[in-house]
Each structure stands twice: as structure tokens, then as C-alpha cells.
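The values are calculated or read from the model by the stated rules, or taken from the named source; none is laboratory data. These numbers come from a predicted model, not from an experiment. When we count neighbours, we look across all protein chains shown, and the Cβ atoms used for this are built from the backbone with ideal geometry, even at glycine. The accessibility values were calculated without ligands, DNA or RNA, using every heavy atom of the protein model including side chains. Shrake-Rupley method; radii C 1.70, N 1.55, O 1.52, S 1.80 Å.
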Amino acid sequence: MAEPILEIEGLTVRIDGTKILDDVSLTIGAGELLSIIGPNGAGKSTLIRCLDGLVTPDRGLVRVMGRPLGSYTRRELARIISYVPQTGAPSFQFTVRTFVEMGRYPHLGSWAALGIEDVAAVRAALAMTETDHLVDRSMASLSGGERQRVFVAAALAQGGSVLLLDEPTTYLDYRHQVQIVDLLERLHREQRMTIIAATHDLNRTVPVSDTVLALREGRVVLYGPAERVFDCDRLATIYGTEFRLVPAGAGSPPLVVPAVNGR
Ligand code: ADP
Ligand code: MG
């Protein structure tokens, strides 16, 4: 494995006495693409938020590049890790340009004006996500797919090497799902970014992932190479429902289809 960039040891989170995460351990190598899967309420979002320091665990430790996460300031952490939250409907009226520029805040001096490097980072992030044409639009006017790409643009402008995404393709139509997965794959292959995505997308996001972590009721029920997901018994254990695997083209993993009435 590449050098570890994130090490998670024995992470336990309790809310009102209930264990939301229970002794979760994993190591993420630099440049790895990891999918976090599991049913609703399994703890995927909580785990992602622990990795950005937004949730503090009751037990266990997260190390970022060998240093405990708690020893970083917000600003230091933001230069390494970007977080794309699950899409809601933002009511704010920023333009796309302003929103993506705000990604540069962790790099700005006390004058808070964008320098040449900041402008270049914003331009590159807009180009990578194919959102250049949207810069003068208000965030509130975007479609779900456009908004998701703009959030990724802001995360890229932030300039870190780790991207956390919470269900980046949920709520998107098929074309926009494909665009986001293509983008993640390009960032993974071309920019060697470390990408951690909570997802239900077993047929597109998981196949481009190196590794998968499956959670159920806060516990790890599968952790390993992504191919291991394509097993009906494992899928049934993870999601508590039956699945069928349908052969796809040569060299592609099978398609995962939830069985309805045993079919
Ligand atoms: P997932 O993202 O896998 O759907 P979450 O991490 O959002 O799961 O939630 C895991 C469990 O923790 C759920 O049962 C959820 O209701 C609970 N939970 C998460 N955050 C809170 C909170 N702030 N207060 C109370 N319960 C919470
Ligand atoms: Mg969630």
C-alpha cells in the first residue's frame, strides 16, 4: 500500500448512549479511492465527519499524515482535507465564482484578497469540474448535478490532497451521476487524490474504487478490495435484503440488483 495518509484506530462515537460508530479501524493510503457503503443510519456520514474533525469520537484516534487530527488547526486541516457534504438545497445567494473562491480561505493572508496562486487554483478547479460557464450564476439557481460539481470545484480550489464526499451521486439523474463518477475517477487517476466517498452506488462508484468499507449499525462488516462486494451473501449481510448479480461486459464486475419478490 502507498504511504498511509489517514489512520483510523478504534473509532467509537456515542450519541445519547447509542453507539453510532463502534470500534472502526482502517488505514487509507495516499491516492486511494475508498467507498464507504451500508444502509441508511449505518454511520457513514458520522465516519466522514470524524475524518474532517467535525465530530469528535468518544474513543479512538484519527491520524492525518502521521499526526493526531486534534493537533491540527482548522486552517491547517483545510489545506489537506476538503469535505463535500451531502447535497441539500442551499438557499444562499452567493455566485458560483464567490463560492469556489471561498475554497481558498485557508490559504489567504490577513488581507484576504486573492493572489495569483489563488486565482490559478480557482480557474483550475472550475476547468476540472467543467463549471467555468456557471461562474456568474447564483448557487441557488443550479441544478442538483451542477451544484454537486461546484461543491467539488470549491473542494479542489481548497488545494488539499484528500477529498471526502457524502453521497455525491444520490439525488442526481443518470447523466449527472456518470459525470460525477467520471470526475472522481479522473481526480484519482490524474491528480492522485485520496478520495473517500460514502455511497449507495454499487454499480458505478464501487467498481472504480480500490477498497470498500461496509458499515452496518456502526460496525465494520466488510473491509477490503472493492471486488469483494460482488457477492450475494455479503451484500445480503450488509443491507439486510437479497441481491442478484447480473453479468456485465467482459472485464467489468457484475451489476448488482436488489431482488424483488425473490426475482
Ligand atoms: P448514514 O450516513 O450511514 O445514513 P449517519 O452517520 O448519518 O448514517 O447516522 C448514523 C446513526 O446516527 C443514525 O441512526 C442517526 O439517526 C444517528 N445520528 C447521527 N447524527 C445524530 C445526531 N446529531 N443526533 C442524534 N442521532 C444522530
Ligand atoms: Mg449519510
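Just a few scattered comments:
- Size of charge dipole - the chain - debye, nearest 20, with Cβ of Lys, Arg +1 and Asp, Glu -1, no other charges: 220 debye
- Summed side-chain charge close to residue 11 - residues other than residue 11 whose Cβ falls under 14 Å, Lys, Arg +1, Asp, Glu -1: +1
- Over the C-alpha atoms of the stretch 91-219, the Rg to Rh ratio, Rh being the Kirkwood estimate, stands at 0.99.
- More than 15 angstrom apart: percent of Cα pairs within the stretch 181-248: 56 percent
- Taking all protein chains as they are arranged and a probe of 1.4 Å, the heavy atoms of residue 233 leave approximately 120 Å² accessible to solvent.
- Dipole-positive endmost among 50, 208, 39 within the chain (Cβ charges, Cα centre): 50
- For residue 73, neighbours were defined as the other residues whose beta-carbon sits under 15 Å from its Cβ, and their charges (Lys and Arg +1, Asp and Glu -1) total +2.
- Cα centroid separation, the stretch 139-205 to the stretch 55-132: 15 Å.
- Theoretical ellipticity at 222 nm over the chain - DSSP helices of four or more residues, -39500 (n - 2.57) apiece, nearest 500: -8000 deg cm²/dmol
- Net dipole in debye of the stretch 187-236 [+1 Lys, Arg Cβ; -1 Asp, Glu Cβ; about Cα centre; nearest 20]: 100 debye
- At 1.002 mPa s and 20 °C, Stokes diffusion of the chain via Kirkwood alpha-carbon radius, µm² per second: 112 µm²/s
- Each other residue within a Cβ distance under 13 Å of residue 260 adds +1 if Lys or Arg and -1 if Asp or Glu, for a net charge of +1.
- Size descriptors for the stretch 65-125: radius of gyration and Dmax over Cα atoms are 13.7, 39 Å.
- Computed about its Cα centre, the charge dipole of the stretch 1-152 is approximately 280 debye, with only Lys, Arg, Asp and Glu carrying charge at their Cβ.
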